[in-house]
Every structure is written in C-alpha cells, then in structure tokens.
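Sharing a structure with you now.
The values are calculated or read from the model by the stated rules, or taken from the named source; none is laboratory data. Note that this is a predicted model, so its numbers are computed, not measured. Heads up, the Cβs are rebuilt from the backbone with ideal geometry, glycines too, and the neighbour counts pull from every protein chain shown.
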Amino acid sequence: MITALAVFSVVCLLRVLRGPTLLDRIAAADAIGVLMTVILVLLALVFRRTIFLDIAMVYSLLLFADLMIISKFLEQGGGGES
C-alpha cells in the first residue's frame, strides 16, 4: 500500500515537472503533499509510533497554509498561465 502511494507520488512529480499550466503544477504538488500525509499516517499504524501522526498533522496544516497563500497570490493576479 505504501509502495503504491509512493509510485503515485512519482507520477504527480512528473506532472509538477512537465505540467502544461501553473494550476496543474500546483494541484500536483498539493496531491504529493496529501499522499505523503497518508503515507505518514500508515507508517504510524505499521510501526505503532505516534510521532508519525504528529508529523502528519503539522505537515497537513502547512499544506493548508500553503494552499491559502497560493490561492491569495493567484486571486490578486500574481500568477497566470505559463
């Protein structure tokens, strides 16, 4: 399961590197973040360590803040289609 999620992350990385538009790249980068959060939660279950859950929670909060910052930037016309 964790291996499959890692493979999906690599596929999303290809979209980040070769995405036709800026919005595709942002969506793929956020998808990688979500997949990494899920991997951390699964690792917490496998190894029975709560530290992975703490890291996953902090990481997801940073992903949310990142999304809000990017949304505000694009709303103000800072981005565009590349």
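Look at G78 and say whether it is of a type in the set (G, A, S), in contact with a helix residue (DSSP H, G or I) (Cβ under 9 Å, 6 or more places away or on another chain), in a helix (DSSP H, G or I) and without any contact (Cβ under 8 Å) to a residue 40 or more places away in the chain.
Against the criterion (of a type in the set (G, A, S), in contact with a helix residue (DSSP H, G or I) (Cβ under 9 Å, 6 or more places away or on another chain), in a helix (DSSP H, G or I) and without any contact (Cβ under 8 Å) to a residue 40 or more places away in the chain), G78 does not qualify.
OK, next. Only one residue in A31, A4 is within 12 Å of the chain's Cα centre (by Cα) and of a type outside the set (V, I, T), so which one is that?
Matching residue, one of A31, A4: A31.
Of the residues that make up region 40-54, is at least one exposed (fewer than 14 other Cβ atoms within 10 Å of the Cβ), modelled with pLDDT of 95 or more, part of a helix (DSSP H, G or I) and of a type in the set (D, E, K, R)?
Yes, region 40-54 contains a residue that is exposed (fewer than 14 other Cβ atoms within 10 Å of the Cβ), modelled with pLDDT of 95 or more, part of a helix (DSSP H, G or I) and of a type in the set (D, E, K, R).
In region 1-27, what residues are in a helix (DSSP H, G or I) and more than 26 Å from L45 (Cα to Cα)?
The answer is L14, R15, V16, L17, R18, L22, L23, D24, R25, I26, A27.
When residues of region 1-39 are filtered for being surrounded by 12 or more Cβ atoms within 10 Å (Cβ to Cβ), within 22 Å of S71 (Cα to Cα) and either free of Cβ contacts under 8 Å to residues at least 12 places away in the same chain or in contact with a helix residue (DSSP H, G or I) (Cβ under 9 Å, 6 or more places away or on another chain) (or both), how many remain?
Count: 21.
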